[in-house]
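Working notes, structure below.
The values are calculated or read from the model by the stated rules, or taken from the named source; none is laboratory data. Computed from a predicted structure; not experimentally measured. Cβ atoms come from the backbone with ideal geometry, glycine included; neighbour counts cover every protein chain shown.
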Amino acid sequence: MSVFSQPEWNNFIRVSRGRLWLWPHYGVQISALVMRRLANALRIRLAGSNHRGLKRRPAWLPPIKTRASSDACAKLVFPAFTSAASPQQIEQPRFATADPEAYFFSQRWSNCYAAALGDENAAAAALDAVLGWIRSAPPKNDAAWETYSTCERVVNLAVMLSVHAGCRRRVEQECAGEISRFFDASAHWIDSRLEYYGMTRTNNHCLNNARALVVAGSVLGDATRAAQGLLLFTRMARQLFQPGGFLRERSSHYQVVVTNWLFDTLHFARTVAPINDTAQATLTELETLAGRVATATAQSMHAFDGIDTQIGDISPDNHPTAASARLRRLYPSIFPTTAKADDWQLDDWICISGRGQRLLACGMPSQHPFEYTTHGHPDLGGFVWTYQGNAVLIDAGRMTYHHDATSSAQSAASGHNVLLVQTLPALAGSLLAGGRWCPTPYARATVRLTHKPCEGFAIEHDGFRRIAGVGPHRRSVSVEDDGISVVDQLDGSGRVDIELLWHFAPGLAPMNETDTRLLRGNGLQVVVMHNDTDEASSTHWENYPYSACYGGLQQGSCLHVRRSVTLPWSGTTTLRVTPCAA
């Protein structure tokens with residue numbers, strides 16, 4: 001297997017042959033990357049623990065001393081939730097036998113997560129399982145002890161006990177010491193293995209670490225520990241959340257997941273008196289952030305409500321419907337007080353509603369490449385479209401984090417409703433098959449996102465300029481009376497091969513393989529029309545893998561259009577919908 005990512009690497013070499021003056025610059029970049037890889041390998045070897053890896057402690061976060069055994073058995077505090085919602089069963093992710101996420105899921109006390117939304121019987125059974133785990137825990141070198149899983153155990157147990165008074169009484173009467181020592185030891189383990197890799201290379205896991213420290217500190221009455229978690233959450237939130245409240249990682253599911261984390265953090269932090277002005281300032285800052293995040297998440301959940309699809313990665317921790325149900329049950333106050341508009345633009349996200357239709361899209365930061373890690377996909381120009389509440393064009397989702405054929409098909413650009421040029425996506429991906437290297441100026445691009453309320457949106461970028469002869473691209477998507485119109489304009493000179501991909505929701509299927517204009521299903525009939533059939537082209541149907549949740553898999557129909565066009569080029573795709581009995 002090549003260490004380079006095809007065909008991006010081939011295009012890079014082809015373009016670089018005519019720009020020899022850039023070779024020393026690229027050489028410095030790749031040398032720095034190689035040196036960093038070697039240094040990282042040495043650090044992992046010297047770490048002496050399979051759970052430390054490249055983790056390091058932020059210089060601005062002071063260490064916390066281990067509590068004395070007598071302190072660790074102090075009275076436990078579980079701040080009750082006031083929600084009166086009825087217990088409910090929630091859907092779970094699905095795992096293949098060989099998927100490592102299946103083991104992680106079993107070690108994260110996901111039964112406590114479900115029991116927090118269930119009844120007292122479910123909580124009692126979950127507590128029995130927790131005590132059994134504590135009394136015969138796996139050895140510390142087991143995968144169960146990776147930091148993220150430890151955080152999930154802390155929070156899932158604390159939230160369940162805060163919801164269910166019967167379980168709280170049982171803990172007080174039977175096993176307070178065991179549970180207290182569990183929280184204390186887990187907090188110390190997390191604190192010594194924070195998933196921090198520098199401000200620009202750290203993803204949402206560090207927020208989960210911070211949440212767990214706050215929760216453990218609150219439960220134990222340890223204000224110093226809680227203050228440490230608040231400081232960590234606040235500093236990383238500045239990097240990971242955008243001004244409008246959306247998580248930078250470009251995933252609709254992770255937006256809801258991490259919003260749960262933020263409100264968990266605040267719910268438990270409010271029970272501990274701040275130890276100093278710094279702790280009070282971090283709490284105040286998170287309260288302000290929560291207002292913006294609540295607005296963004298409520299808007300997103302309202303927009304996706306009733307649509308069985310997501311944009312970007314899907315977390316293996318829980319089913320998307322479960323993450324939303326948890327937020328609604330535990331923190332219902334954020335919804336009535338937050339206006340849920342049908343038409344909005346916040347950060348990189350857009351929702352267009354009009355004429356009984358809805359468009360959902362996630363753009364990119366204005367400058368590419370960007371430093372922070374992401375759960376988004378190379379889907380610039382892609383979107384989700386519904387007609388009268390029925391999904392028509394959707395996102396392929398993410399079935400697994402394995403790098404297998406299914407995962408690659410879903411997370412690559414070809415798994416989205418986008419334009420490809422010379423088989424390449426709008427923005428340059430990594431030139432390395434393992435790891436990330438997006439060299440500049442080759443990969444540099446500017447992105448602009450605009451939206452017209454109730455009418456449509458447009459995305460403009462110059463990412464295709466890395467391809468010889470190709471200029472800027474603009475995609476405009478407009479809502480019309482009975483469907484949508486998509487106009488692609490591509491500047492440049494010469495001839496190039498382009499591809500248009502349209503992923504239809506399961507249930508919508510072509511009438512036959514040779515008819516590339518008509519689909520029926522879900523009570524709808526969709527007609528697809530192109531305005532430039534005089535160009536050399538081929539259009540055909542193909543199946544694609546679709547996942548509404550982690551591990552879920554269905555087959556959908558994708559219309560794949562291939563054309564050889566002369567630049568500059570403009571093409572319009574129109575999709576018309578009528579009700580039908582099918």
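A count restricted to the stretch 252-286 and to residues that are at pLDDT below 95, of a type outside the set (Val, Ile, Thr) and more than 24 Å from ALA80 (Cβ to Cβ) stands at 3.
Quick check on my filter: what residues within the stretch 17-46 are at pLDDT below 75 and either more than 19 Å from THR202 (Cα to Cα) or assigned by TED's automatic domain parsing to the domain that holds ARG466 (or both)? If the condition is that a residue be at pLDDT below 75 and either more than 19 Å from THR202 (Cα to Cα) or assigned by TED's automatic domain parsing to the domain that holds ARG466 (or both), then ARG45, LEU46 are the ones that fit.
Selection of strands (runs of 3 or more DSSP E) fully inside the stretch 434-505 by the criterion of at least 2 residues being among the basic types (Lys, Arg) and in the same structural domain as LEU575 (by TED's automatic domain parsing) returns 445-452, 470-480.
Checked against (1) assigned to a helix (DSSP H, G or I); (2) farther than 30 Å from LEU54 by Cβ, SER186 meets all criteria but (2).
Could you tell me which of the residues PRO93, PRO87 is surrounded by 13 or more Cβ atoms within 10 Å (Cβ to Cβ), under 30 Å from SER547 (Cβ atoms) and modelled with pLDDT under 90?
Numbers: PRO93 fails: modelled with pLDDT under 90.
Every option except PRO87 fails the conditions.
Kindly indicate whether any position in the stretch 498-506 is touching a residue at least 60 places away in the same chain (Cβ under 8 Å) and over 33 Å from the mean Cα position of the chain (by Cα). Steps first, please.
To start, the set of residues in the stretch 498-506 that are touching a residue at least 60 places away in the same chain (Cβ under 8 Å) comprises 498-505.
Filter again for over 33 Å from the mean Cα position of the chain (by Cα), leaving none.
The answer is no; no qualifying residue exists.
Entry remark, the stretch 448-457: residues being under 23 Å from the mean Cα position of the chain (by Cα) and surrounded by fewer than 20 Cβ atoms within 10 Å (Cβ to Cβ) number 2 in total.
Count of the stretch 220-239 residues, restricted to those that are touching a Phe, Trp or Tyr at 6+ places or on another chain (Cβ under 7 Å) and crowded, with 21+ Cβ neighbours inside 10 Å, is 1. Can you confirm whether the stretch 427-437 contains a residue that is modelled with pLDDT of 90 or more and aromatic (Phe, Trp, Tyr)? So far as the stretch 427-437 goes, no, none of its residues is modelled with pLDDT of 90 or more and aromatic (Phe, Trp, Tyr). Looking only at residues in the stretch 249-294 that are surrounded by fewer than 22 Cβ atoms within 10 Å (Cβ to Cβ) and charged (D, E, K, R), the one that is nearest to the chain's Cα centre (by Cα) is GLU249.
Within the stretch 468-477, the residues that satisfy the criterion of being surrounded by fewer than 19 Cβ atoms within 10 Å (Cβ to Cβ) and either of a type in the set (S, T, N, Q) or in contact with a strand residue (DSSP E or B) (Cβ under 6 Å, 6 or more places away or on another chain) (or both) are GLY469, GLY471, PRO472, ARG474, SER476. If you go through the stretch 32-54 one residue at a time, do you hit one that is under 30 Å from LEU230 (Cβ atoms), of a type in the set (D, E, K, R), surrounded by 11 or more Cβ atoms within 10 Å (Cβ to Cβ) and more than 27 Å from the chain's Cα centre (by Cα)? The answer is yes; a qualifying residue exists.
To keep it simple, each residue is scored yes or no on (1) in the same structural domain as VAL477 (by TED's automatic domain parsing); (2) at pLDDT 95 or above; (3) over 23 Å from ILE467 (Cβ atoms).
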position: SER366; (1), (2), (3): yes, no, no
position: ILE394; (1), (2), (3): yes, yes, yes
position: TYR401; (1), (2), (3): yes, no, yes
position: ALA405; (1), (2), (3): yes, no, yes
position: SER411; (1), (2), (3): yes, no, no
position: SER414; (1), (2), (3): yes, no, no
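Scanning the stretch 387-428 for residues that are surrounded by fewer than 24 Cβ atoms within 10 Å (Cβ to Cβ) and at positive phi returns GLN388, GLY389, GLN422, THR423.
Of the helices (runs of 4 or more DSSP H) entirely within the stretch 95-157, those holding at least 1 residues that are in contact with a Leu (Cβ under 9 Å, 6 or more places away or on another chain) occupy 110-115, 120-135.
Looking only at residues in the stretch 405-424 that are among the polar types (S, T, N, Q) and more than 16 Å from TYR550 (Cα to Cα), which one is farthest from the chain's Cα centre (by Cα)? Let's see the steps before the verdict.
Taking the stretch 405-424 first, the residues among the polar types (S, T, N, Q) are 406-408, 410-411, 414, 417, 422-423.
Filter again for more than 16 Å from TYR550 (Cα to Cα), leaving 414, 417, 422-423.
Working: SER414: 18, ASN417: 18, GLN422: 28, THR423: 25 Å.
Filtering first and then ranking leaves GLN422.
Check the stretch 328-337 and report whether any residue there is of a type in the set (A, V, I, L, M), in contact (Cβ under 8 Å) with a residue 60 or more places away in the chain and within 26 Å of PRO378 (Cα to Cα). I'd like the intermediate steps shown before the answer.
Filtering the stretch 328-337 for residues of a type in the set (A, V, I, L, M) gives 330, 334.
From what's left, in contact (Cβ under 8 Å) with a residue 60 or more places away in the chain: 330, 334.
Of the ones still in play, those that are also within 26 Å of PRO378 (Cα to Cα) are none.
No - not one qualifying residue is present in the stretch 328-337.
Candidates in the stretch 70-80 are the residues that are modelled with pLDDT under 90 and not in a helix (DSSP H, G or I); of these, the one that is surrounded by the most Cβ atoms within 10 Å (Cβ to Cβ) is ALA74. Within the stretch 556-582, if we keep just the residues that are of a type in the set (Lys, Arg) and closer than 16 Å to LEU501 by Cβ, the residue that is surrounded by the fewest Cβ atoms within 10 Å (Cβ to Cβ) turns out to be ARG562. Per the listing VAL487, VAL470, VAL479, the residue uniquely within 29 Å of the chain's Cα centre (by Cα), within 30 Å of ARG14 (Cα to Cα) and in contact (Cβ under 8 Å) with a residue 12 or more places away in the chain is VAL487.
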